[in-house]
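Here is the structure we will look at.
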Amino acid sequence: MIIHTVSSGETLNSIARTYGVPPSRIIMDNELTLPEKLTVGQTLVITQPTTTYTVKNGDSLYSIANNFGVSVDQLLRNNPILGGNYDICPGQTLVISYPPPLLGRHYVNAYIYPFIDRDVLRKTLPYLSYLTIFTYGLRRDGTLIPPEGGDDKEIIDLAKQYGVAPIMLVSTLTEEGVFSNEIANFIFTNPEIQNTVVQNIVDTVVAKGYAGVDLDFEYLGAANAENFVEFSRNVRDALKSRGNYELFISLAPKNQPNMPGLLYEGHNYGELGSVADKSLLMTYEWGYAYGPPMAIAPLDAVSRVVDYAQTEIPSEKLMLGMPNYAYDWKLPYISGITVAEALTNVEAVEQAQNLQVPINFDESAQSPFYRYYELSAPTVQEASPHIVWFEDARSILAKLELASEEDLAGVSIWNIMNYYAPLWLVINSMFDIIKPGVNE
């Protein structure tokens with residue numbers, strides 16, 4: 001895999017000639033919708049297969065995989081044009097192999113909402129170890145609020161078809177869609193209600209076929225730090241009593257033990273890390289909708305969180321959070337007034353292409369960004385400036401390298417509701433993806 005950054009004067013054809021690949025492969029791999037409008041600073045992932053095969057009559061994906069000694073999942077990853085489907089036709093050229101992954105074996109977790117487009121889900125599942133469904137909430141009587149917008153049982157069954165372990169996310173999200181410290185405190189301090197909650201969680205895991213639970217309890221405050229540890233321990237013990245289920249705990253991105261702030265004070269890294277099978281570091285949202293413009297997951301800040309986490313939790317239990325989205329801020333930023341517009345990474349890149357503005361790269365943050373002026377303004381003088389921060393192949397690679405260099409278990413992506421081809425091209429080139437219970 002090569003990550004090419006477009007320079008002034010380059011075209012798709014000239015780039016293709018440089019690497020000896022057809023332009024159609026670059027378009028297909030990167031899912032370019034505007035190949036004629038490449039902009040300076042845009043990245044393209046160049047793949048160079050080592051083995052290809054032309055499908056013959058009577059072939060199936062299974063027979064081809066068996067003949068070449070690879071897994072069907074690997075064929076699906078190497079050929080995203082299949083969309084995660086097993087149908088092939090004579091004359092079709094399939095990539096059998098690329099050079100071996102450079103960063104070794106790792107887990108990949110990703111979050112979804114139940115209303116995810118099923119085509120996007122099928123296309124993404126071959127790249128995953130775990131699929132975490134957002135979210136079950138909690139009521140004061142101990143009953144669970146089911147995820148909105150879809151059937152989680154359907155998703156669970158689909159995940160298992162691809163060897164992906166489905167994870168039940170439980171949070172303090174209310175029916176109004178907000179994290180509630182009050183609900184958490186009520187459950188923590190009422191033993192009977194807590195027992196009901198724990199029993200309902202475990203019963204749901206068993207009944208629906210989940211492989212484990214992710215506890216995402218945010219904004220707890222210092223007063224509930226020990227209560228959360230005890231609750232997590234109760235969930236773990238109840239899960240383990242019913243089978244070989246895993247417990248994940250999502251952790252706010254702290255870089256020191258006593259980091260101030262409601263988001264951080266309720267998470268005791270050392271104690272929660274000792275309870276959980278895996279700890280998911282929520283290393284994103286430095287740049288967020290209501291905050292000042294900056295990289296969403298600046299690598300220097302992310303690295304500080306990893307450095308601290310490793311003093312409290314074994315590296316092999318840590319998973320690095322990665323964002324899969326962009327923000328567009330109108331300038332000047334005014335605290336309490338400015339709200340950034342959320343974009344997909346695809347939308348961010350296409351906007352830069354359409355406006356033909358150069359994409360810059362912040363070396364410290366290892367993140368791309370660009371500036372532009374609104375075209376809809378009545379006059380040039382009235383046009384408001386904007387700045388967009390997003391993720392591209394370079395920023396994705398930097399995070400994967402960090403996870404590998406620090407011997408972390410893998411990465412956890414928020415979220416995969418929208419398919420971003422460079423993300424999966426880079427992961428497929430860098431990671432030998434572990435499938436729990438299949439190739440661990």
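The values are calculated or read from the model by the stated rules, or taken from the named source; none is laboratory data. As the structure is a computational prediction, the values presented were derived from the model and not from experiment. All Cβ positions, even for glycine, are placed from backbone atoms using ideal geometry, and neighbour counts span all protein chains on display.
Among the candidates Ala252, Ala297, the residue that is without any contact (Cβ under 8 Å) to a residue 40 or more places away in the chain and either farther than 17 Å from Thr132 by Cβ or buried (at least 21 other Cβ atoms within 10 Å of the Cβ) (or both) is uniquely Ala252. Taking the residues in the stretch 206-225 that are part of a helix (DSSP H, G or I) and hydrophobic (A, V, I, L, M, F, W, C) as candidates, determine which candidate is farthest from the chain's Cα centre (by Cα). Only one residue fits best here, namely Ala223. Pairs are defined by a Cβ separation below 6 Å, a sequence spacing of at least 6 or placement on different chains, a first member in the stretch 135-157 that is on the phi > 0 side of the Ramachandran plot, and a second member that is crowded, with 20+ Cβ neighbours inside 10 Å and at pLDDT 95 or above; the pairs so defined are Gly142/Val197.
Table: residues versus (1) of a type outside the set (Val, Ile, Thr); (2) over 20 Å from His4 (Cα atoms); (3) at pLDDT 95 or above.
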| position | (1), (2), (3) |
| --- | --- |
| Thr338 | no, yes, yes |
| Val357 | no, no, yes |
| Glu405 | yes, yes, yes |
| Ala409 | yes, yes, yes |
| Tyr419 | yes, yes, yes |
| Leu425 | yes, no, yes |
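For the stretch 379-403, the set of residues classified as among the charged types (D, E, K, R), over 15 Å from Phe361 (Cβ atoms) and modelled with pLDDT of 95 or more consists of Glu401 only.
Residues are listed down the side, and each one gets a yes or a no for (1) over 24 Å from Gln310 (Cα atoms); (2) assigned to a helix (DSSP H, G or I):
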site	(1), (2)
Asn227	no, yes
Leu239	yes, yes
Pro260	no, no
Leu263	no, yes
Ser274	no, yes
Trp286	no, no
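In the stretch 1-13, the residues that are buried (at least 16 other Cβ atoms within 10 Å of the Cβ) form Cβ pairs under 9 Å with partners that are aromatic (Phe, Trp, Tyr), at six or more places apart or across chains, as follows: Met1/Tyr98; His4/Tyr19; Thr5/Phe361.
Listed by position, the strands (runs of 3 or more DSSP E) inside the stretch 67-184 whose residues that are in contact with a His (Cβ under 7 Å, 6 or more places away or on another chain) number at least 2 form an empty set.
For the stretch 300-308, the condition holds for no residue, the condition being that it is assigned to a strand (DSSP E or B), surrounded by fewer than 21 Cβ atoms within 10 Å (Cβ to Cβ) and either touching a strand residue (DSSP E or B) at 6+ places or on another chain (Cβ under 8 Å) or of a type in the set (A, V, I, L, M) (or both).
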